[in-house]
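Since the structure comes first, as structure tokens, the remarks are kept for the end.
Please treat every number below as a calculation from the coordinates, not as lab data. All values reported here derive from a predicted model rather than from experimental measurement. When we count neighbours, we look across all protein chains shown, and the Cβ atoms used for this are built from the backbone with ideal geometry, even at glycine.
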């Protein structure tokens with residue numbers, strides 16, 4: 001239902017804005033704007049994109065379920081956000097020594113990970 005209303009609303013108002021945020025801001029109805037914003041979330045692949053496109057509409061996520069979904073997406077994206085701490089894992093190096101990612105805190109790390117059936 002929300003999609004049909006949004007499509008109808010978009011054609012009636014002849015939304016000409018080019019960016020997602022401009023289009024979303026031009027929608028007068030909060031419920032239709034929320035439907036539009038939610039429909040865009042699957043297109044968001046980074047926290048930086050989320051901050052630009054979704055965060056400006058955080059106030060629309062008013063119910064507990066919506067707040068939880070919003071926070072879940074934030075949590076998923078911040079794990080890999082630019083500047084976020086790397087996931088701490090432990091592996092054996094080529095000399096059979098245990099090495100953790102945290103051992104390299106503050107350093108640039110380049111990893112070459114391959115399977116035993118692949119040549120390095």
TODO: Taking 7 Å along the Cα-to-C-beta vector as the label spot, tell me the residue 41-residue 91 distance in nanometres, rounded to one decimal.
DONE: 3.3
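Based on the Cβ-Cβ distance from residue 107 to residue 48, what FRET efficiency comes out when R0 is 30 Å, to the nearest 0.05? Intermediate values should be presented prior to the final figure.
Details: r = 24 Å, r/R0 = 0.79.
It comes to 0.80.
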Task: Label-point separation, residue 21 to residue 118 (7 Å along Cα→Cβ), nm - done: 3.7
Task: Span from the segment 18-44 Cα centroid across to the segment 67-114 one, whole angstrom - done: 32
